[in-house]
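First up is the structure itself, then whatever we jot down about it.
The values are calculated or read from the model by the stated rules, or taken from the named source; none is laboratory data. A quick note: this is a predicted structure, and the numbers were derived from the prediction, not measured. Don't worry about glycine lacking a Cβ; one is built from the backbone with ideal geometry, like all the others, and counts go over all protein chains shown.
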Amino acid sequence: MSHTPGDPYCVGAWMSRNPTAVGPEELARQAYFTMRREGFRHLPVVEEGRLVGMVTDRDLRRPDLSNDPDGWNDDYRLSDDYTVRDLMTEKVLTASPKDPLERAIKTMQDARVGALPVLDKTGALIGILTTRDLMNALGAALAAKGEVLRR
């Protein structure tokens, strides 16, 4: 079942619109600093106007982290040897703005991901639904129920 965009229980009502995205040839270092500056953990990767992947804070972490890193950047693959394309996930689960929140939640839980890029009918990236967005939706739903939940 699909919901209408004005429906408070659809992805479009809670997604973050016009998300910051990066290109696949951008250096991993630049993506890291974009995430850090903006407070994001997920960045859609767009090439020629199309979603081609997702890069996360986790993707940037070094799998071979030593027990005694020398500095903060030792935890991350931030050398100029890595581009976003080298680290991104290419097979990305997505959502539509009309999808019910329940479907998006199940998709995120089943795949153990923290965000879904939201695509319009043409496949263009128009938003991102994150766990933070879902927490905002949950908070609003709880507030709407008020005293019923406090008993």
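Values computed for the structure shown
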quantity	calculated
Long-range neighbours under 6 Å by Cβ, at least six apart or interchain, first residue in contact (Cβ under 8 Å) with a residue 60 or more places away in the chain and surrounded by 19 or more Cβ atoms within 10 Å (Cβ to Cβ) within the range 116-141, second among the charged types (D, E, K, R) and not in a loop (DSSP other than H, G, I, E, B)	Gly127/Arg17
Test for Pro44: is it under 20 Å from Ala21 (Cα atoms) and modelled with pLDDT of 95 or more	yes
Subset of the range 21-62 (residues that are part of a loop (DSSP other than H, G, I, E, B), within 19 Å of Gly114 (Cβ to Cβ) and among the basic types (Lys, Arg))	Arg41
Residues (small (Gly, Ala, Ser) and touching a residue at least 24 places away in the same chain (Cβ under 8 Å)) located in the range 92-115	Ala95, Ser96, Ala104, Gly114, Ala115
